[in-house]
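Step one of this worksheet: look at the structure below.
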Amino acid sequence: MDVAVLTIFPEMFDRFWTHGIVRRAIEQGYLKGDAIDIRAFAEDRHKVTDDRPYGGGCGMVMKPEPLAKALRAARERMPEAVTLMMSPQGRPFSQQAAAELARQRGLIFICGRYEGVDERFAQQFVDDEISIGDYVLTGGELPAMVVVDAVVRLIPGVLGGRDSAADDSFADGLLEYAHYTRPPVFEGRPVPDVLLSGNHAAIAQWRLEAALVRTFLKRPDLLENREFTAQEIAILKKWSKELEDLIKVQSARCTDPLSGRQ
Ligand code: 4GX
């Protein structure tokens, strides 16, 4: 996949391209990453990329001409790419959105600063506007990195060997189960026995239960619009039965149901 980022701060990406999975994806030929300096496409001698807003008010707006020139240069090199703009007004980014973008041949990111970009540029050139969350940042560079980071690890082959992305939180609508590594006891806390048992079926069952209970406790909203598998329903019924039994034992001990205690 080809990625180009249009920004007035291309140096922000220098470290991004050269670490971790992103770096490996580039080295192994799955990804090409390029930060394009919008200022290099400014016409005037001072290389101005922003101007005061028509109608007055505070802040600055990014001028349309340097953006259009920079984008045309990027599109010439990657004619099949989709043009995305990072903005709080965009479509909320999600794991599903990342999976969709991972299927594209190329992505061009417009990283605005200040109050944003001239509306005519946005209407003329931007295919999709994406938000990484309901908060206001100082520029689109970090959001673009967030999106590239989430997308690159979904490109087939990038995570290598076994398909680690299939296990991710959200991939199947559940949070990930808890992970443990050595030592077997850390500051008095042992690793759950089953994980040391070598019983792979029991481990898979424990992990599904752990993912379900975690999601139920931390993000119950994720369960609302989800279709449970037969195995998951069996687990939920088992808990439901255990809770019912616990309540039965408790209420048998209790003479006055309103006081809650004898
Ligand atoms: N998720 N920002 C963009 C300038 C801007 C405003 C409007 C285009 C249109 C953000 C976010 C975010 C701050 C990046 C404003 N550019 N981007 N910037 N949240 O807050 O994506």
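Please check which bits of segment 110-149 a label hung off residue 14 would reach, taking the label as a point 7 Å along Cα-to-C-beta and the cut-off as backbone N under 19 Å.
Backbone N within reach: 141-142, 145.
Extending each Cα 7 Å along its Cβ direction at residue 91 and residue 224, get the distance between those two points in nm, one decimal.
Modelled inter-label distance: 2.2 nm.
How would segment 27-99 be classified by its alpha-carbon gyration tensor: rounded, prolate or oblate, with rounded meaning a/c under 1.5 and the a/b versus b/c comparison settling the rest?
oblate
Say we join alpha carbon atoms closer than 10 Å with springs in a Gaussian network model of the chain; which of 105, 113, 189 then has the biggest fluctuation?
189
To the nearest 20 Debye, how big is the dipole of the chain about its Cα centre, given +1 on the beta carbon of each Lys and Arg and -1 on that of each Asp and Glu? Provide the component values of the computation, followed by the final result.
On the way: 33 positive and 39 negative charges, 109 e Å.
Dipole magnitude for the chain comes out near 520 debye.
Once amide H atoms are placed 1.01 Å from N in the peptide plane, what residues at a sequence separation of 5 or more from residue 118, or on another chain, have their amide H within under 5 Å of its amide H?
The list, which skips near neighbours in sequence, is 62.
Whose amide H sits under 5 Å from the amide H of residue 109, counting only residues 5 or more places off or on another chain, with H placed in the peptide plane?
Placed amide hydrogens put 4, 5, 6, 84 under 5 Å from residue 109.
Modelled label-to-label distance, residue 201 and residue 76, 7 Å Cα→beta-carbon offset: nm?
So the two model labels end up 6.4 nm from each other.
Mind checking which lysines have their Cα closer than 29 Å to the Cα of residue 238? Skip sequence neighbours fewer than 8 apart in that chain.
218, 248
Taking only DSSP H segments of four or more residues, each worth -39500 (n - 2.57), what value at 222 nm results for the chain once the sum is divided by all its residues, to the nearest 500 deg cm²/dmol?
Helix-only estimate at 222 nm: -11500 deg cm²/dmol.
For each of 41, 186, count neighbouring Cβ atoms within 10 Å of the residue's Cβ, then give the residues from fewest to most.
186, 41
Could you tell me how many degrees, from 0 to 90 and to the nearest 10, lie between the Cα long axis of helix 64-77 and the main elongation axis, the longest principal axis, of the Cα atoms of the chain?
Orientation of helix 64-77: about 70 degrees from the principal axis.
Charges only on Cβ, +1 for Lys and Arg, -1 for Asp and Glu: so what's the dipole of segment 127-262 about the Cα centre, in debye to the nearest 20?
My answer is approximately 960 debye.
Checking the a/c ratio against 1.5 first, then a/b against b/c, what shape does the Cα gyration tensor give for the chain?
Prolate, because a/c is 1.5 or more and a/b exceeds b/c.
Whole-Hz Karplus ³J(HN,Hα) for segment 14-29, in order, using 6.51 cos²θ - 1.76 cosθ + 1.60 and θ = phi - 60°, x for Gly and Pro?
3, 6, 4, 5, 10, 9, x, 5, 4, 4, 4, 4, 5, 4, 8, x
Can you give me the Cα centroid spacing of segment 125-186 and segment 204-257 in angstrom?
Distance between centres, Cα-based: 28 Å.
Work out the charge dipole of the chain with +1 on the Cβ of Lys and Arg and -1 on the Cβ of Asp and Glu about the Cα centre, then indicate which of 144, 169, 79 is farthest towards its positive end.
Towards the positive end, the residue furthest out is 169.
How far, in degrees from 0 to 90, does helix 230-253 lean away from the longest principal axis of the Cα atoms of the chain, to the nearest 10?
That helix lies at roughly 50 degrees to the long axis.
May I ask you to list the aspartates and glutamates whose Cα is less than 16 Å away from that of residue 63, ignoring any residue fewer than eight positions away on the same chain?
The qualifying aspartates and glutamates are 37, 43, 44, 50, 51, 115, 118, 119.
Neighbouring Cβ atoms within 10 Å as the yardstick, rank 239, 17 fewest first. Let's see the in-between values first.
On the way: 239 13, 17 19.
Going from sparsest to densest Cβ surroundings: 239, 17.
Would you work out which of 20, 121, 190 lies farthest towards the positive end of the dipole of the chain? Charges go on Cβ: Lys and Arg +1, Asp and Glu -1.
Working it through, the farthest residue towards the positive pole turns out to be 190.
Along the charge dipole of the chain, pointing to its positive end and built from +1/-1 on Cβ of Lys, Arg, Asp and Glu, which listed residue (233, 110, 33) has its Cα farthest out?
The one lying farthest along the dipole's positive direction is 233.
For 127, 37, which order do you get if you count the other beta carbons within 10 Å of each Cβ and list the fewest first?
Starting with the residue having the fewest Cβ neighbours, the order is 127, 37.
At residue 105 and residue 170, where each label point lies 7 Å from the Cα along Cα→Cβ, what is the point-to-point distance in nanometres?
2.7 nm
I'd like the Karplus ³J(HN,Hα) series for segment 98-115: coefficients 6.51, -1.76, 1.60, θ = phi - 60°, whole numbers in Hz, and an x wherever there's a Gly or Pro.
Taking θ as phi minus 60°, the curve returns 4, 5, 5, 5, 5, 8, 7, 6, x, 10, 10, 9, 9, 9, x, 10, 6, 7 Hz for segment 98-115.
Just so you know, all these numbers are worked out from the coordinates, no wet-lab data involved. Predicted model only: the values in this text are computed from it and were never measured. Positions of Cβ are backbone-derived with ideal geometry, glycine not excepted, and every protein chain shown enters the neighbour counts.
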